[in-house]
Amino acid sequence: MIMLKISELTIATTNETLVKDVTLSVASGEWVALVGESGSGKSLTALTIGGLLSGQVKVESGSITFGDRDLISMKRKELSRLLGKEISYVFQDYNSAFTPFLSVGKQIDEVLRTHTKWSRHERLGIALNALKDVKLQESVYRSYPCQLSGGQLQRVAIATSMMLSPSLLIADEPTTALDSITAHHVLELLSKLANEANCGVLFITHDLRHVKKYATRIAVMKDGQIVETGTKEKIFTNPQHPYTKSLLKAIPKLNDHRTRLIGLEKEVSW
Amino acid sequence: MKNVGSRFLEFVLFLLVLSFISFAFIKLAPGDPVMGMLKADEVVVTEEQVDKLREELGFDKPIYLQYINWMLAFFQFDLGYSYMTKQPVIEELFSRLPSTLTLTATSLVVMIVVAFPLGSLAAIYRNSWIDHVSRLFALLGASIPSFWLGLLLIHLVAVQLDLLPSMGMGTWKHLLLPSVTLGLAMAAVYVRILRSSLLDSFGQDFIRAAKARGLSRKRVFFHHAFRHSLLPVLTIFGVSLGSLLGGTVIIEVLFAYPGIGKLVVDAILKRDYPIIQGYIFIMGILVTVINLGVDASYHLVHPELKRGKRR
Amino acid sequence: MKGIGTGRLLLVLTVIVLVALLFLAPYITPHDPLEADPGNRLQPMNGEHLLGTDHLGRDLLSRILEGAQATVGISTLIMLIVLVIGIPIGILSGLLGGIIDRIFMRITDAFMAFPDFIVAIVLSGLLGPGMMNLMIAIATVKWTSYARLVRSTVISEKQKNYILVAELNGASTLRVMSKHIWPHIIGHVLVLSTLDIGKVILMIASLSYIGLGAQPPAPEWGAMLNDGRAYFHLAPHLMVVPGLAIVFVVLVSNLVGDRMRDYYDVRSGE
C-alpha cells in the first residue's frame, strides 16, 4: 500500500528553483533510498513532507499525499498531529536533534504527551522500553544531550521516532556524521525497528554502500531533479543515467584502502 | 563557571578593596570632615570642640592606624554618622534600601511585561508592522532621557488627568509612574536584544527537530526557542541591572521617592561624605550580589552546564 | 529598504546644521540668554520670543541655543578627552603587553565592574557638583572602554601576517603602526564614539537635572528642565522644548552611529 506519494513537487525561493518536478512514492514496509550529492535537493524534499521548510523557500507546485490526505494544503496544527506519530524524522546532525538544555527523557516525554493521553507512569514505561529497544541504559533518560555520544544520541533520536510506530520514517542522512562502525550499528537498529513496525522508510544519503544493504528501491537525484528511479537490483546492475553510473563507480571497494580512507575523510568533513 | 569557594574568596578580596576605596574617598574629599560634622549645626565652632571631636574620632592617630580602625569598624558595618542627621550611616542606608529595591523590582516587572511580548512578536512576525514598531520603540528609548519621559508622564497622568500621585511613596499608586518610566527606558534595550536572540533560536536545527516531533507551536516557542534565547539576554541583564540601579537615582529624585538614590544625591549636594561612602559600600555589595545571581540563573536556564560533558 | 539615499542625505544635512548652530550659537541668539525680564515671564511662543520665555522672562530660544554649547559641546569635549586618554593607553597596552598591559587591564576591569552611572554620581559626589567636575567624572568613567577597544584592535592586528611581513621587511614599529594598524583603530573608535556621544549627552542632561552638573543660571538643557519644573502646568513649552532638543540631538547621533557601524561593519564593543 502506498503510504507517501510526492507528485511533481517544485520548490523555489523568489529567484531560484531548488527542486523541480520531483515524483516519488513510498509504500508501507518499503525502504526507498533517495541518493545524490549534497545540494541536489534531497533534504529539501524531505523537509517539505513535514512542512519544515523555513524562510524564503516555498513550495511552488505539486502535491504530497500521505494516505489519502494532502500534506501541503494541510493546516499546521493538523500536520503537527501527524508529525512524530505517523511521520517521524531522524536528522543528520545528532547534536541538533535535541534541545541542549532539556534532558533527553523530558523531550521524549514531551512527544508522548503531545500525541497520546497516557498517564505519566505509562509514558515512562513506553519511553524506557523504547530506549531499551535501541540498546541504551535507563540512565540515558535523565541525561542531557551534551552528556551522550553521537551514536547514543542518534539512537535516542531513533527511539523517539519509532516509539509510536509511525507508518513513515524520514531518515535524512542519519549516519553521515557518525564513524562507520557506529553508523553500521545505528542502521541495523533502524532497519530492525522499521521492519517490526512495517514502516515505510525514506532514506536520504549520498553513500551507496548503505543503500546496497538496506534499500528496496532507489531514486537518484541531481540538481533538484530525479534522474533515475528503479528497484535496487535494476539500478545496481543496469544503471541508465550517466550520473548514476558515476555514482556507482565511486563506491569504494572493501579491499581498496586508499579510496576507503578518502571516502572516510569526506564523511568527516561535513 | 567558578565554584562557591573561589567566589567567596573573591568576595572577601572585593570587600577589602571596597573598604580601601571608601576610606580613601573620605580622606581625599575636600574639607575637614570634623568641620563638616560640626558645621552642619550652623553654629560657631570653637577650637576646643574641633580637637575634642578629632580625638573622639581617632583622627589624631597616624593614617595607617586610622585605616585599620576604620576597617575594623567597616567589617562590623559601622560606617560612621551622617553629618546631616547625626544618625548612623548604615541605619540611614538600610532604612532607604527597601524602597529602592522595590522600585527596581517593579521597574523590572514593567520591563518584562513590555519587552518580552513586544520582542517576541517582533521576532515571530519579522518585518511586519509590529517589528517596525519595536524598532521605533528601541530607537526612541535610546534617545529619550528617562527623566524627561518621567516629566511628561507626571504632567500628563498626574497633573492633567489627575489619575496618579506624582511624588512620594506609600501605596502602589506611588510606585506606578516611576516604575513605568524606568521600565520603559529599559524595555527599549531588551526588545531588540530579545528579538535578535529569538531569531537566532528560530534558526537552530534543534527547533526544527522539535517541530518535526509534532510539538505544538506554543510548546516549541516557550519551552525550546524562548528559553534558548534567554541566555544572551541574561548576560546583558547582569550588566544592565547595575545601570538600572544607577537609573533609579534619577527617577527617585524626579519623583521625590525616598530611596537610597535620593539620599545620596541629597548627600552630595550637602557634602555629607559618610553617606556617600556608605552608598559606595552598598552599591559595591549589590552589584556583586547581582553578578552572582546572574551566574546562578545561567544554571537555571541551562542545567546541562553544571553536569559537565561526558564526551 | 527604501530611500536610503535621501535618508543619508537628510542625516548629513541635519548634522551639518546642528554643528553650525553649535558654533554660531553666541552670534545668532536673538536675546541675552541670561537676561531676566520679570515683565515678560512665561510668555508662550510669539513673534518676539519664537519659543516663548521662561519663569524669569528669559528668551527660551536663546537659552536653547546657548545650552547646546553646554550639553552638546561639553559632551563632545568629554569624548575628545576620553579619546586622548583612552587611545594612547590602549595602544601602549596592546603593543607592549606584559606587566604594563596587565596593570592597565586590571584598572579597566575595576572600572567596568561598576555601572557607569553610579561611578559618575559617586565621583561627582567626591568632587562636588559643577559642570567641570561632571566632565572629569564622566571622562573617568568612559575612557576604559576605549582603551580596551583600541588594545584589542592592536593585538588582533599585530598577530596578522601582513604586519609580520612588514616588520620582517624592516619597517619600524612606528611605521607599521601608522600605516597599518591606525586605520583599523580609527574605524572602531569612530563607531563607538558616535554611539557613545548620545549616552554622554543623556548623562550630562540627567545629572544636571538632579543638580550635579551645570549650576543655574547656566542654560544647560537638563538644568533648564529642572529650573522650569514648577511652571510646567502654566507654560508647557518649558518642558517640551528643552526635552525635544535633547531627544533630537541624541536621536541624530544614534542614527549616525548606526550608519557608521554598518559602514565599518563592526559588532558592538569587543
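A few notes on this one:
- Across C:N254, C:N161, C:N133, mean-square fluctuation computed from a Gaussian network of chain C (C-alpha pairs under 10 Å connected) peaks at C:N161.
- Kirkwood analysis of the protein assembly as shown, using all unique Cα-Cα pairs, places the hydrodynamic radius at 32.1 Å.
- Sequentially through the stretch A:86-96, phi angles give Karplus couplings (6.51, -1.76, 1.60; θ = phi - 60°) of 8, 10, 10, 10, 10, 9, 5, 7, 5, 5, 9 Hz, Gly and Pro residues having no value and appearing as x.
- Folded to 0 to 90 degrees: helix C:4-28 orientation relative to chain C principal axis, Cα: 60
- Fewest-first ranking of B:K52, A:K212, C:K158, using other Cβ atoms within 10 Å as the exposure measure: B:K52, A:K212, C:K158
- HN-Hα J in Hz across the stretch B:154-165 - Karplus 6.51, -1.76, 1.60, θ = phi - 60°, x for Gly and Pro: 4, 4, 6, 7, 8, 8, 5, 8, 6, 8, 9, x
- Helix C:237-264 vs. chain C, principal-axis angle (Cα, 0 to 90°, nearest 10): 20
- For chain C, the relative contact order is 21 percent, taking Cα pairs closer than 8 Å that sit 6 or more residues apart in sequence and dividing their mean separation by the residue count.
- Taken about its Cα centre, chain C carries a charge dipole of roughly 960 debye when the Cβ of each Lys and Arg holds +1 and the Cβ of each Asp and Glu holds -1.
- Structural size metrics of the stretch A:2-249, computed from C-alpha coordinates, are Rg and Dmax of 17.9, 56 Å.
- Other residues with beta-carbon under 12 Å from the beta-carbon of C:G57 carry, at +1 per Lys or Arg and -1 per Asp or Glu, a net charge of -3.
- In this structure the amide hydrogen of A:V90, modeled in the peptide plane, comes within under 5 Å of the amide hydrogens of A:I170, A:A171, A:D172, none closer than 5 places in sequence on its chain.
- Eligible aspartates and glutamates near C:K199 by straight Cα distance, threshold 17 Å, same-chain separation 8 or greater: C:D116, C:E220, C:D258
- Total formal charge among the other residues, if their Cβ is under 10 angstrom from that of C:L92, Lys/Arg +1 and Asp/Glu -1: 0
- Cα-based convex hull, the stretch B:95-310, per residue volume (Å³, whole number): 145
- Share, in percent, of DSSP beta bridges within the protein assembly as shown that are antiparallel, nearest 5: 55
- Farthest positive-ward along the stretch A:1-146 dipole, Cα basis, beta-carbon charges - from A:G67, A:I49, A:L82: A:L82
- The label point for B:L13 and the one for A:S54, both projected 7 Å from the Cα toward the Cβ, are 4.2 nm apart.
- The trypsin sites (Lys or Arg not before Pro) of the stretch A:101-177 that meet both conditions, a loop assignment by DSSP and at most 10 other Cβ atoms within 10 Å of the site Cβ, are A:K117.
- Percent of Cα-Cα distances greater than 22 Å, calculated over the stretch C:126-270: 56
- For the stretch B:219-281, the mean projected area of the C-alpha convex hull, equal to one quarter of the hull surface, is 6.0 nm².
- Straight-distance candidates among the lysines for linking to C:K158, with alpha-carbon spacing under 23 Å and chain neighbours fewer than 8 residues away dropped: C:K179.
- Placed amide H near A:E60: partners under 5 Å, 5+ positions off or other chain: A:T10, A:I11, A:A12
- Whole-Hz Karplus values for the stretch C:153-159 come out as 5, 4, 5, 5, 6, 4, 7 Hz, taken residue by residue from phi with 6.51 cos²θ - 1.76 cosθ + 1.60 and θ = phi - 60°; glycine and proline positions read x.
- Set of aspartates and glutamates near A:K232 by C-alpha distance (under 16 Å), chain-local residues within fewer than 8 positions excluded: A:E30, A:D207
- Normalised contact order of the stretch C:159-270, rounded percent, pairs of Cα under 8 Å and 6 or more residues apart: 28
- Pairs from A:K213/A:K234; A:K20/A:K42; A:K42/B:K218; A:K20/A:K249 whose Cα-Cα separation, in the structure shown, is over 22 Å: A:K42/B:K218; A:K20/A:K249
- Per the Cα gyration tensor, the stretch A:139-202 maps to an equivalent ellipsoid with semi-axes of 20, 15, 9 Å, ordered largest to smallest.
- Annotation: extensible slack from A:S180 through A:R81 equals 32.2 nm (criterion: 0.36 nm per residue apart, minus Cα-Cα distance).
- Förster radius 30 Å - calculated FRET efficiency between A:T216 and A:E122 (Cβ-Cβ, nearest 0.05): 0.30
- Around the amide H of A:M221, modelled in the peptide plane, lie the amide H atoms of A:V35, A:G36, A:V227, all under 5 Å away and 5 or more residues distant in sequence or on another chain.
- Based on C-alpha pairs under 8 angstrom that are at least 6 apart in sequence, chain A has a relative contact order of 26 percent.
Bear in mind these aren't lab numbers, they're just calculated from the coordinates by the rules spelled out. Predicted, not measured: the structure shown is a model, and the values here were computed from it. In this analysis, Cβ positions are derived from the backbone assuming ideal geometry, glycine residues included, and neighbour counts consider all displayed protein chains.
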